[in-house]
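The values are calculated or read from the model by the stated rules, or taken from the named source; none is laboratory data. Bear in mind the structure is a predicted one, so any value in this text is a computation, not a measurement. Virtual Cβ from ideal backbone geometry, glycine too; neighbours counted across all protein chains shown.
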Amino acid sequence: MEKVIEVQNLTKKFGDLAAVDNINFEVFEGEVFGFLGPNGAGKTTTISILTTLLTPTSGEAKVAGFDVAREKDMVRGSIGLIFQEPSLDEDLTALENLKIHAALYHLSGDLYQKRSQEMLKMVELWNRRGELVKNYSGGMQRRLEVARGLLHHPRILFMDEPTLGLDPQTRNKIWDYVLDLHKREKITIFLTTHYMDEAEYCDRVAIIDYGKIVAAGTPKQLKEKTKAKTMNDVFLELTGRDIRDEGATRLEKMKSRMRGRFH
Amino acid sequence: MQTLNDIYIIWYREVLRFWHNKPRIISSLAMPFLWLVMFGSGMRGTFQLFGAQEGFDFIQFLFPGVIGMTVLMTSLFSSISIVRDREFGFLREILVAPVSRASIALGKILGGATVAMLQGLLMLVLAPLVNVRLGVGMVLALPPAIFLVSFALASLGMVVASRLRSTEGFQMVMNLFMMPMFFLSGALFPLVNVPRWMEILSKVNPATYGVDLIRQVTFHFLAVPSAIAETFKITIFGVKLGVVEDLIIVSFFAFLFVLLGVWSFAKAEQ
C-alpha cells in the first residue's frame with residue numbers, strides 16, 4: 001500500500017517547550033488513522049503541521065507525497081480539514097459558507113449544488129440553509145463545520161476532534177457518512193478524538209503523550225499488548241489516570257465553556 | 001484563471017458581508033451628515049465673515065471633503081476584516097485552501113476598496129440636503145476616482161493589518177494613523193496659509209492627493225469658478241497639481257502600497 005503521510009523525526013518547539021518531540025509515523029492510502037492523546041499532548045500541533053498551518057522546527061513530514069514545509073500549495077490541494085475550533089463566517093448564511101468553500105477548492109457549479117444539498121441534508125440543516133450562522137446553536141455550527149469540511153471530497157481528510165460536543169445521534173450520523181465516503185471514494189482519514197469508541201472505527205491508531213508517540217498499531221494489537229478490553233482502558237493504561245492541565249489560553253476557556261453548554 | 005477566481009471569491013465575501021450589514025450602511029450616513037450640516041453651515045458663515053470670494057460656497061468645498069473623509073476612514077479600516085478573520089478562526093479556512101497568499105491579500109484589498117467606494121458614493125444622497133447639485137457627469141466620473149483612492153488606502157491598511165492579531169490592537173494602531181491623516185488631508189479646510197510644518201506633513205500624506213483628486217473632479221462638474229478652484233490647488237516644487245497630476249500621484253501610492261500590503265501579508269501567513 002502507498003504511504004500518504006510520512007512523518008520523520010518531526011519536532012515543533014514553542015520556546016523551550018517541545019509540543020511535538022521527534023515523532024515518527026506513517027499512514028497508508030485508504031486508512032482510517034486515529035491520533036489519540038490527552039489534552040495538550042501535541043495532537044493539534046501535529047495536525048497543524050501536516051496541514052501547512054505551522055512550520056516544523058525540525059524533521060520532515062510528507063503529505064500526499066509533498067513536503068509540508070516546502071510544497072505547501074500542493075499539500076493544500078490534496079487535503080481537507082475539519083477544525084477543532086470554530087472557523088465559520090458567522091455573518092454569512094450556511095449556504096454562503098459552503099459556496100465560498102466550494103469556490104476556494106475549485107468545485108464546479110453543478111458539483112457544488114449537488115454536494116451542498118447532500119451535506120446539509122445529512123447534518124439536518126437543509127431547511128435552515130438561508131439563515132445567518134450566528135443564529136445557529138453551538139451544535140448546529142459544529143454540524144455545518146463538518147458538512148463544509150466534507151464538501152470537496154479531499155484525498156486526505158484531517159479531522160481534529162470532529163464530533164466534540166455533538167449528541168450521540170449526530171455523531172452516529174456523521175460517522176456513517178464519513179465511513180461511507182471513505183469506502184466509496186477511498187479517502188484517507190486522519191483524526192484526533194477524545195471519544196475512545198470512535199477509536200474503534202480506526203484501522204490503526206497512534207497514541208501521543210507529552211509530544212511523544214507512546215504506542216501505535218491496530219486497536220486489536222494495542223488491546224492485546226496492554227491486556228485491556230476496550231480502547232478506553234488501553235488509553236488509560238498508556239497515558240495514566242492523571243488529569244492534564246493544558247494552561248487555559250483564551251481559546252481553551254472558550255472551548256470548555258462550549259463543552260459545558262453541550263453537556 | 002484560477003488566480004482570478006480565487007481573488008474573486010475573497011472579494012465576493014467582503015462585498016457579501018457588507019450587503020448583509022444594512023444597518024451599518026444607513027448608520028454610516030450619520031457622521032458625514034453632522035459634518036456637512038452642522039460643521040459646514042457654521043463654517044460657511046465664518047468664511048463669508050472674513051470676505052470669501054464672490055460665488056464661492058464653503059459647502060461646495062466641504063462636500064467632496066466629506067466624501068474623501070468617508071473613503072479615507074472606510075478604506076483604511078477595511079483591512080480589519082483580516083484581523084477579525086484571524087481572531088474568529090475563519091482565516092484558517094482560507095489559509096488551508098489551495099489559494100495563494102497574494103490572491104487572498106489582493107481579494108481582501110479589492111473587497112475593502114469596493115466597500116469604501118460604495119460608502120463614499122453613498123454620500124451623494126446627502127447632496128440635495130446641502131444644495132449641492134448632482135449631474136450625470138459627476139456621478140459617472142466619481143466612482144473610478146474614488147475607487148483608485150480607496151484601493152491605495154485599503155492596501156496601506158493591509159500593511160498594518162498583516163502584523164496584528166487582535167481587533168482591539170488594530171483599532172488602536174489605526175486610529176493613531178488615521179486621525180492625523182484625516183486632519184492633514186485637506187478634507188475639512190483648505191491647505192493654504194497653513195504653518196510650514198503642517199504644509200510639509202500634509203504633502204507627505206498620501207490621503208491629501210486622494211482627497212484633492214475627489215475634490216477637483218467634483219469642482220469640475222459643479223462649475224466652480226476657476227479662479228477659486230485655483231486658490232485651493234496644491235503646489236509641489238512649483239507645480240500646481242491638477243486632476244492628471246493627482247491621478248499620477250495616487251496611482252503611484254496605490255502601486256507602492258499594494259506591493260507592500262501583499263508582501264507583508266504573504267510574509268506573515270506563509
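A few comments on the model shown:
- Selection within the range B:5-50: residues that are within 12 Å of chain A (Cβ to nearest Cβ) and aliphatic (A, V, I, L, M). The member of this set that is farthest from the chain's Cα centre (by Cα) is B:Ile9.
- Among residues of the range B:143-170 that are more than 22 Å from B:Gly65 (Cβ to Cβ), those with a beta-carbon under 9 Å from a residue that is acidic (Asp, Glu) and part of a helix (DSSP H, G or I) at least six positions away or on a different chain give the pairs B:Arg165/B:Glu87; B:Ser166/B:Glu87; B:Thr167/B:Glu87.
- Some residue of the range B:237-246 being basic (Lys, Arg) and either closer than 30 Å to B:Arg86 by Cα or part of a helix (DSSP H, G or I) (or both): no
- Residue match in the range B:164-172 (condition: touching a Lys or Arg at 6+ places or on another chain (Cβ under 9 Å), surrounded by fewer than 16 Cβ atoms within 10 Å (Cβ to Cβ) and not polar (S, T, N, Q)): yes
- Count - residues of the range A:101-132 that are over 20 Å from B:Leu4 (Cα atoms), within 12 Å of chain B (Cβ to nearest Cβ) and touching a Lys or Arg at 6+ places or on another chain (Cβ under 6 Å): 0
- Whether a residue is surrounded by 20 or more Cβ atoms within 10 Å (Cβ to Cβ), within 14 Å of chain B (Cβ to nearest Cβ) and in contact (Cβ under 8 Å) with a residue 60 or more places away in the chain was assessed, and A:Ala41 does not pass this test.
- Of the residues making up the range A:54-100, those that are facing another protein chain (nearest Cβ under 7 Å), over 19 Å from the mean Cα position of the chain (by Cα) and surrounded by 20 or more Cβ atoms within 10 Å (Cβ to Cβ) are A:Asp89, A:Leu92, A:Glu96, A:Ile100.
- When A:Val205 is tested against (1) modelled with pLDDT under 85; (2) in contact with a Leu (Cβ under 7 Å, 6 or more places away or on another chain), only condition (1) is not met.
- Failed item in (1) over 20 Å from A:Met74 (Cα atoms); (2) within 14 Å of chain B (Cβ to nearest Cβ); (3) touching a helix residue (DSSP H, G or I) at 6+ places or on another chain (Cβ under 8 Å), with A:Thr51 passing the rest: (1)
- Any hit, the range B:101-113, residues being under 25 Å from B:Val139 (Cβ atoms), under 18 Å from the mean Cα position of the chain (by Cα) and within 14 Å of chain A (Cβ to nearest Cβ): yes
- Candidates A:Glu26, A:Glu6 - the one that is without any contact (Cβ under 8 Å) to a residue 24 or more places away in the chain, touching an Asp or Glu at 6+ places or on another chain (Cβ under 6 Å) and in a strand (DSSP E or B): A:Glu26
- Among all positions in the range A:77-85, there is at least one residue which is assigned to a loop (DSSP other than H, G, I, E, B) and touching an Asp or Glu at 6+ places or on another chain (Cβ under 7 Å).
- Some residue of the range A:134-154 being within 13 Å of another protein chain (Cβ to nearest Cβ), assigned to a strand (DSSP E or B) and touching a strand residue (DSSP E or B) at 6+ places or on another chain (Cβ under 6 Å): no
To keep it simple, each residue is scored yes or no on (1) modelled with pLDDT of 90 or more; (2) of a type in the set (Val, Ile, Thr).
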position: B:Ile9; (1), (2): yes, yes
position: B:Val15; (1), (2): yes, yes
position: B:Pro23; (1), (2): no, no
position: B:Ser78; (1), (2): yes, no
position: B:Leu91; (1), (2): yes, no
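- Test result for B:Arg86, out of contact with any helix residue (DSSP H, G or I) (no Cβ under 7 Å at 6 or more places or on another chain) and within 14 Å of chain A (Cβ to nearest Cβ): yes
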